[in-house]
1. Put a dot 7 Å past each Cα toward the Cβ at Leu50 and Ser75; how far apart are the dots in nm?
2. Using a Cα-Cα cut-off of under 28 Å, which lysines could be cross-linked to Lys40, ignoring same-chain neighbours fewer than 8 residues away?
3. Could you rank the peptides 100-110, 29-39 by their average count of other C-beta atoms within 10 Å per residue, with the highest value first?
4. Can you tell me the orientation of helix 2-25 relative to the chain, as the angle in degrees between its alpha-carbon axis and the longest Cα principal axis, to the nearest 10?
5. Can you tell me the FRET efficiency between Leu12 and Ser128 if r is taken as the Cβ-Cβ distance and R0 is 30 Å, rounded to the nearest 0.05?
6. Taking only C-alpha pairs under 8 Å that are 6+ residues apart, what is the relative contact order of the chain in percent?
7. To make sure I understand the rule: partners must be lysines, Cα under 28 Å from the Cα of Lys137, and not fewer than 8 residues away in the same chain. Which ones qualify?
8. Would you work out the charge dipole size for the chain about its Cα centre, treating the Cβ of every Lys and Arg as +1 and the Cβ of every Asp and Glu as -1, and quote it to the nearest 20 debye?
Amino acid sequence: MKYLVRSLKYFLQLTVLLVVFVAVIYFVTAKGAPLESLFKNGLNSIWSMLLIVAIFAAIYPKFGYGKRRIRVKGSTEEILPKIEEHMKARGYELVSRDAEDNLVFRQASFLGKVSKMFEDVYFTRSLSGYEMEGRLKDIVRLDTAFCQIFEETGE
């Protein structure tokens, strides 16, 4: 179900971008000509572009989302404050924490939420520490910083 929701989000985002690009091109170059004059096949070209956007949106979540492991030593009481502080410094807020110490973080600012398409970063407790799940670009960036934090402290 997550995959379908993510695909729909990307479809909407890419469709909005497509409309903006076509509108800019139209208002800059058309000079009063009908919209169909911008495309070789008239308005049928728009359906072709939407099909391409739909195919890309259907494929992208497979490659754009993933998981990373954070290997940490220490008790939960020592680790969780560091994780929360690190995420807060990067503009995330803690949304939920369950009994197994699984965490969910979300962008704190509305603009951040929109830019991340309202996607959360999930931390699931594992034997070696935590497993982060979310947008691959975000978790790679966060994982790099976590490695620095936990290496500096000697844990």
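Laboratory data are not the source of any read-out in this text; all were calculated from the coordinates shown. Nothing here was measured: the structure is a model prediction, and the numbers come from that model. Ideal geometry is used to build each Cβ from the backbone, glycine not excepted, and the neighbour counts take in all protein chains shown.
1. Rounded to a tenth, the inter-label distance reads 5.9 nm.
2. Once the sequence-local lysines are set aside, what remains near Lys40 is Lys31.
3. 100-110, 29-39
4. Approximately 40 degrees, to the nearest 10.
5. Given R0 = 30 Å and the Cβ-Cβ separation, E is 0.20.
6. In percent, rounded to a whole number, it is 22.
7. Correct list for Lys137: Lys2, Lys9, Lys62, Lys67, Lys73, Lys82, Lys88, Lys113, Lys116.
8. The dipole magnitude comes to about 720 debye.
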